[in-house]
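The values are calculated or read from the model by the stated rules, or taken from the named source; none is laboratory data. Small disclaimer: the values here were computed from a predicted structure and weren't measured. No Cβ is skipped: glycine too gets one built from the backbone with ideal geometry, and neighbour counts run over all protein chains shown. For accessibility, only protein heavy atoms count, side chains too; no ligands or nucleic acids. Shrake-Rupley method; radii C 1.70, N 1.55, O 1.52, S 1.80 Å.
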Amino acid sequence: MKRLLLIFLFAVSACASCAQDAVSLYGSRMSVMFYNSENLFDTFDDPDKNDDEFTPDGDRRWTDRRYWNKLENLSRVIVAVDEEQAPAVIGLCEVENDIVLNDLTTRSPLKNLGYEYLVTHSPDLRGINTALLYRRELFRPVAHESLTVDISRLGGSPTRDILHVTGRIPNGDTLDIYVCHWPSRIGGVEESEPRRQTAAAVALKSIRQVFREREKPYVILMGDLNEGAWDPAIRQTLGVMPLEDAAVLPDTSLVTMMEDVSTGSYRYEGEWDTYDQFVVSASLLNGLGCTEIADCRICALDFVLEEDKKYGGEKPFRTYNGYRYQNGFSDHLPVVLWLSF
């Protein structure tokens, strides 16, 4: 027993020392980013998925050169969203598989930043998934799972899993992160709404379990939810509360971070929408914990925007305009929040 106790105390001491080293090296803030990467496919045909258009012989002529340009462009966005240091954690959606994530983390301009990744393997017919990139010195995963969203009874095609990752941050707190890409609005907003409500219910069931298990639960749900902050799946199913009420809410309330943003993250026919969302536990906002949200914003970087010649103003500079390759970034803008501890 004494030997076990000594081992335990040594491990705790070592973890505390690592945490102090991380804080000393990187400061007491870190950023959490979400980005819809828009069709990050490799160039190989997966015979079990509908990815033919993203092959060299496919409709989009998805060549090795275009693929590596895409990785370089995504890397450029990632390092630009935080002026002080690269994000500690990055949620991604519309990524195909381990190949693209390995190339992004080890063979792109990100290769010297030490990113590791976790990814789902969803039943989505196109083969796109959700993923989490992380810098181990700032976020150390201790558990992860894929949450299946079954919408077959609603007549929908198989959709993306939700990635749930539990990890430790430098001050020793535990952070539960959910990376989502909820069902699209194809078929109409009202007709497709039950599918997004199903996805929200799957996430909420897991979050409630976290609330039961953690003495001080810190939760961040992020993703392309295909909904605005006050649409039904977010407001009713998740039961989110407005940011202005956060200071008086219990730890286990969920709060939207995107209700008062000045612009959107996605533009369709000249109108901005905020489909890329952060929903967090009130414990990160009510001033009662050691870890808090310091800021949250949509990053409308100049170089990821282009002139909207049809509707006026600007729009995200995407990889393709229709089927015309233009070497852009994504049809979505990145969203970022900063944690202080």
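Dipole magnitude for the stretch 208-337: about 360 debye, using +1 per Lys or Arg Cβ and -1 per Asp or Glu Cβ, origin at the Cα centre. Counting only protein heavy atoms and a probe of 1.4 Å, the accessible surface of the chain is 49% carbon and sulfur.
Hull volume per residue, based on the alpha-carbon atoms of the chain and their convex hull, is 151 Å³. Using C-alpha pairs under 8 Å with a sequence gap of at least 6, the mean separation divided by the residue count of the stretch 109-260 gives a relative contact order of 17 percent. In this structure the chain gives 46 Å² per residue of accessible area when probed at 1.4 Å with all protein chains present. Just want to confirm a number: the relative contact order over the chain, from Cα pairs under 8 angstrom separated by 6+ residues, in percent. Value for the chain: 17 percent. Using only Cα atoms and rounding to the nearest 10 degrees, what angle (0 to 90) does helix 189-213 make with the longest principal axis of the chain? Tilt relative to the chain: about 20 degrees. In the stretch 121-172, Cα pairs under 8 Å separated by at least six residues give a relative contact order of 45 percent. By the helix-only formula, in which each DSSP H run with n ≥ 4 contributes -39500 (n - 2.57) and the sum is divided by residues, the chain has a 222 nm mean residue ellipticity of -7500 deg cm²/dmol.
Once you divide the Cα radius of gyration of the stretch 90-232 by 2.2 N^0.38 Å, the number left is 1.09. Per-residue SASA remark: Phe211, around 30 Å² accessible (1.4 Å probe; ligands, DNA and RNA not included).
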